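The values are calculated or read from the model by the stated rules, or taken from the named source; none is laboratory data. Here the structure is a predicted model, which means the values were calculated and not measured. Please note: Cβ atoms are built from the backbone with ideal geometry, for glycine as well, and neighbour counts cover all protein chains shown. The protein model used for the area step is the full one, side chains on, heavy atoms only, and it has no ligands, DNA or RNA in it. Shrake-Rupley method; radii C 1.70, N 1.55, O 1.52, S 1.80 Å.
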Amino acid sequence: MGVVSRGFGSRRDDDGGRPLPPGQYLTEDFPVLSAGPTQVVDTDRWRLDVRDVDGSTHSIDWAGLMALPSEEVTVDLHCVTRWSKHDTTWRGVSVEVLLDSLLEEETEAEFALVRCYGDYTTNLPLEDLLDGKAWIAYEYDGDELRAEHGGPARLLVPHLYLWKSAKWVNGIELRQDDEPGFWETLGYHEYGDPWLEQRYSGD
Ligand SMILES: Nc1nc2c(c(=O)[nH]1)N[C@H]1C(S)=C(S)[C@@H](COP(=O)(O)O)O[C@H]1N2
Ligand SMILES: [Mo]
């Protein structure tokens, strides 16, 4: 036992003693993790389709996204491969603002399956996308988001492991049932809370 005591379930790092989720280490880098090739999507061709439970589809193009009010947010990232990164700054449109602009009435959905250029998917409860907890992010650190990190636009859901933050996002399918996405089908946890160390199914 060292002289420095540890909090329950969290480790301390050298960044002013801020706790990290269990099993994570801090990095200054921004690693790139993609299950397939980097998608190169021109903003001219970019679009995002929101499909509601009644089968209706509501689309937005790049100009439409840019016309919505955006926010700058500074958040910590936690990847299931154990790196965490503090204080990353993004600009994006909150998913709540996006859905409010596209849907005429409140959805009956409880879950979302997020789709991407390149066919990656990830699922999460709809409420985890609302209330200022998730963004369609298109700037990182003051610059346009680079393709390898999901540009022109990616989902940013910093309170869950980073595999939920779908790069090259192009769709949100609103659902009444929970349909597992790419990594969730391959054994990752269906929810993925880093503070509860929900890495794999059954954790
Ligand atoms: N479309 C898409 N989004 C994705 C992935 C992917 O392979 N394809 N990988 C996920 C995983 S596992 C992680 S850890 C993060 C990595 O984001 P980064 O490359 O910007 O660090 O993107 C997530 N979003
Ligand atoms: Mo990951």
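Tabulated data
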{"read-out": "Whole-number accessible area per residue in Å² for the chain, which is evaluated in the context of all protein chains at 1.4 Å", "value": "51"}
{"read-out": "Sorted peptide list for 176-182, 190-196, criterion being average Cβ within 10 angstrom, highest first", "value": "190-196, 176-182"}
{"read-out": "The chain: most fluctuating residue of GLU108, GLU127, GLU184 per GNM, C-alpha cutoff 10 Å", "value": "GLU108"}
{"read-out": "Accessible-area composition of the chain, carbon plus sulfur, in percent [1.4 Å probe]", "value": "46"}
{"read-out": "Fluctuation leader among LEU68, LEU155, LEU129 - the chain, Gaussian network, Cα springs under 10 angstrom", "value": "LEU68"}
{"read-out": "Relative contact order (percent, whole number), the chain, Cα cutoff 8 Å, 6+ residue spacing", "value": "23"}
{"read-out": "Karplus (6.51, -1.76, 1.60) ³J(HN,Hα), θ = phi - 60°, over the range 90-98, in Hz, Gly and Pro reported as x", "value": "10, 10, x, 9, 5, 4, 4, 4, 4"}
{"read-out": "Choice from SER101, SER70, SER84 showing the highest fluctuation, given a GNM over the chain with Cα pairs closer than 10 Å", "value": "SER101"}
{"read-out": "Cα centroid separation, the range 35-50 to the range 117-178 (Å)", "value": "12"}
{"read-out": "Residue-wise HN-Hα coupling along the range 162-171, computed from phi with Karplus coefficients 6.51, -1.76, 1.60 (Hz; x: Gly, Pro)", "value": "5, 5, 6, 8, 5, 7, 6, 4, 9, x"}
{"read-out": "Positive dipole terminus of the range 47-192, leading residue within TRP83, GLY187, PRO125 (C-beta point charges)", "value": "TRP83"}
{"read-out": "Global geometry of the range 47-192, whether rounded, prolate or oblate, following the gyration tensor of its Cα atoms and the 1.5 cut on a/c", "value": "oblate"}
{"read-out": "About the Cα centre, charge dipole magnitude for the chain (Lys/Arg +1, Asp/Glu -1 at Cβ), debye", "value": "920"}
{"read-out": "Global form of the range 62-139, assessed from the alpha-carbon gyration tensor, a/c cut-off 1.5", "value": "oblate"}
{"read-out": "Karplus-derived 3J(HN,Hα), 6.51/-1.76/1.60, for each residue of the range 180-193, Hz, glycine and proline x", "value": "x, x, 4, 6, 5, 5, 8, x, 6, 4, 5, 10, x, 7"}
